[in-house]
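Trainee: Have a look at this one.
The values are calculated or read from the model by the stated rules, or taken from the named source; none is laboratory data. Here the structure is a predicted model, which means the values were calculated and not measured. We place every Cβ from the backbone using ideal geometry, glycine too, and count neighbours over all the protein chains shown.
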Amino acid sequence: MPLPAACLFDLDGLLLDTEPLHSEAWQHAAQRFGLHLTVEQLLALRGRRRLDCAEQVRRWIGQAGQVVPSVEELLAVRQPIAERLLPSAQPMPGAIALIAACQDRGVPMAMVTSSSRTAVALKEAPHPWLAAISLRVHGDDPALAAGKPAPDPYRLAAQRLGVDPRVCWAFEDSQAGVQSALAAGCLVHVLVHRHDRVAAELGLQWPSSCRLVEDLSEVVLAE
């Protein structure tokens, strides 16, 4: 198989093992306002922008009959917890080697993340290898009309690289991210978290057009 025109990488849960930390922060925040998030709810938050997640959690709090906090009140609880936890996130297995393989083969790369620019800076500070991905589409990118699961983030990344998204490989681990990349026309590789309790309990099914991997070292770039 020929090399892709570009590799487009999600960050959270794909390159860095942050998803359990995000879940912990959202759970603490929701519980402060009287709601215990279910496995399904925690999974539904994955891959989405912070403000989109906050609005969703607010809706769930209201549906549970609790007093609904403002976005600012909810994030005032969530953010300090997340900022304390996220710098401890470790690289996902195979992530560093895959980025190096793209560099070695001259495959252009972009990071396509729902995280804000500030949040990415916090998470990547202990990981200088991520600097190899210089082109970024952040969740708060001013050119972004809508976040994942809309196709906009992946279309914007491909546009900035000057390539057709239909000849790009996208790497994702969340439902929202997979929907976004598929809608943009990318060939999607899904990192399946077999040992992730939240995902495993639901037994997620992925679209048949996706390539499933349990470790990024399984991804082979042709010479």
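Trainee: Report, by residue number, each residue of the range 142-160 that is touching a Leu at 6+ places or on another chain (Cβ under 8 Å) and more than 16 Å from Asp173 (Cα to Cα).
Mentor: Ala143, Leu144, Asp152, Leu156, Ala157, Ala158, Arg160
Trainee: Also, I was wondering about something else. How about the range 52-102: which of its residues are in contact (Cβ under 8 Å) with a residue 60 or more places away in the chain and under 22 Å from Pro149 (Cβ atoms)?
Mentor: Within the range 52-102, Asp52, Ala82, Met92 meet the criteria.
Trainee: Let me ask you something else. For the range 167-191, which positions are assigned to a loop (DSSP other than H, G, I, E, B), on the phi < 0 side of the Ramachandran plot and either surrounded by fewer than 16 Cβ atoms within 10 Å (Cβ to Cβ) or at pLDDT 95 or above (or both)?
Mentor: Residue satisfying the conditions is Cys186 alone.
Trainee: Leu98 fails exactly one of the following numbered conditions: (1) in contact with a Pro (Cβ under 7 Å, 6 or more places away or on another chain); (2) crowded, with 20+ Cβ neighbours inside 10 Å. What is the number of that condition?
Mentor: The single condition Leu98 does not satisfy is (1).
Trainee: Ok, one more. Just to be sure before I move on: is Ala158 more than 25 Å from His193 (Cα to Cα), touching a strand residue (DSSP E or B) at 6+ places or on another chain (Cβ under 8 Å), at pLDDT 95 or above and of a type in the set (Gly, Ala, Ser) in the structure I sent?
Mentor: Spelling it out, Ala158 is indeed more than 25 Å from His193 (Cα to Cα), touching a strand residue (DSSP E or B) at 6+ places or on another chain (Cβ under 8 Å), at pLDDT 95 or above and of a type in the set (Gly, Ala, Ser).
Trainee: Just wondering, is there one or more residues in the range 112-123 that are touching a Lys or Arg at 6+ places or on another chain (Cβ under 6 Å) and crowded, with 16+ Cβ neighbours inside 10 Å?
Mentor: Yes, some residue in the range 112-123 is touching a Lys or Arg at 6+ places or on another chain (Cβ under 6 Å) and crowded, with 16+ Cβ neighbours inside 10 Å.
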